[in-house]
Structures are given as C-alpha cells and as structure tokens.
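For reference, the structure is listed below as structure tokens.
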Amino acid sequence: MSSYNNDVIKSWAELHRDSRELARRLLNKQQWKGIIAVTRGGMIPAAIIARELNIRMIDTLCISCYDDQQMGVLKIIKDVSIDTDGEGYLVIDDLVDTGMTLKAVREKLPKAHIATLYVKPAGEGLVDSSVYQFSQETWVRFPWDLELNYAQPLVNRQQEN
C-alpha cells in the first residue's frame, strides 16, 4: 500500500461538476440499460449521472475493502439484483485507487462499462471512463466525509462514548 503525502478535498460543487462531466462523456457512447452504483462512494455520482442521462434503473453493488485509510479484506456485502454479465450497464464509482474493488466488479460484470469520477494509476486499467487522475500518493476526501475537518461517522463517535 502506498503512503499518502497529499490530501485533496472535494467540495459538493466539485463533485456535482465532475459527475455532470462524466455524464457528458457517457452521453453518446450507447443506450444504457441501467446504472450499477458501487456503494457507498458511487451512489451520489450515480444519482447525478442517472438524472443527466435520463436513466431510471439503478441497482447497487456493495463491496467493501476500506477501513478509514487502511486497505482491508474485500467483502461483497450486497450483490446486484439483476442477472447480467453487465452488457449495456454503467458501473459508477467515485474513485478507483488500487483497483481491488473494481477487479471484483470486472469479474462479476465483465461486459459492463466502468466509469469513475477519479482514478489513480494503480487502478487506471480497470476503468473505461473517468474525469480526473490523481497520483497514487493522494488521499481524496469527499464532502460526505467532512465537517470543517475530517468527521468520524456518527456510529464511530457513539461507540467512543
């Protein structure tokens, strides 16, 4: 695992702008059957992209391999509810870092078009469309992770008390 020596904070406005840009890049690629959002990070970009491309069918795939800034063990928590190899579907995530999550997605949905807002070099080969590339050493903080500083999820705060 790489050490992070750079922090980038994305605002809600930047996330919305970048989601719309990704939608613009996907607009004329094909007629999409639906979107599969990789939860949790892909949910908000997926909703914005679904609006921009007028896609009504959204499913989720919950794969977890992060614990704060540490890579953990890959776990499929919730599978897609449709029986498909991914053909005609968009898989949306916020960021591909090491590619561990998207390798599992690619195995499960080999014909899906995988699109992320942001990509790092280690995962770049797994993504079909993206908006912006960060260095591998950059930690990207999303607006749902922030108050004025990094905010622990409420469930973690409750456990500390």
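Could you tell me which numbered condition residue 10 fails, if it satisfies all but one of (1) at pLDDT below 95; (2) among the charged types (D, E, K, R); (3) crowded, with 18+ Cβ neighbours inside 10 Å?
(1)
Exactly one condition in (1) of a type in the set (A, V, I, L, M); (2) out of contact with any helix residue (DSSP H, G or I) (no Cβ under 8 Å at 6 or more places or on another chain); (3) surrounded by fewer than 22 Cβ atoms within 10 Å (Cβ to Cβ) is false for residue 151; which is it?
Among (1) of a type in the set (A, V, I, L, M); (2) out of contact with any helix residue (DSSP H, G or I) (no Cβ under 8 Å at 6 or more places or on another chain); (3) surrounded by fewer than 22 Cβ atoms within 10 Å (Cβ to Cβ), residue 151 violates only (2).
One line per residue, one yes/no per condition, for (1) surrounded by fewer than 22 Cβ atoms within 10 Å (Cβ to Cβ); (2) basic (Lys, Arg); (3) in contact (Cβ under 8 Å) with a residue 24 or more places away in the chain:
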| residue | (1), (2), (3) |
| --- | --- |
| 80 | yes, no, yes |
| 96 | no, no, yes |
| 108 | yes, yes, yes |
| 111 | yes, yes, yes |
| 131 | yes, no, yes |
| 135 | yes, no, yes |
| 142 | yes, no, yes |
| 146 | yes, no, yes |
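Does residue 15 qualify as being in contact (Cβ under 8 Å) with a residue 60 or more places away in the chain, surrounded by 21 or more Cβ atoms within 10 Å (Cβ to Cβ), closer than 15 Å to residue 130 by Cα and not polar (S, T, N, Q)?
Here the answer is no, as residue 15 does not meet what is asked.
The values are calculated or read from the model by the stated rules, or taken from the named source; none is laboratory data. Source: prediction; values computed, not measured. Quick reminder, even Gly has a Cβ in these numbers, built from the backbone with ideal geometry, and neighbours come from all protein chains shown.
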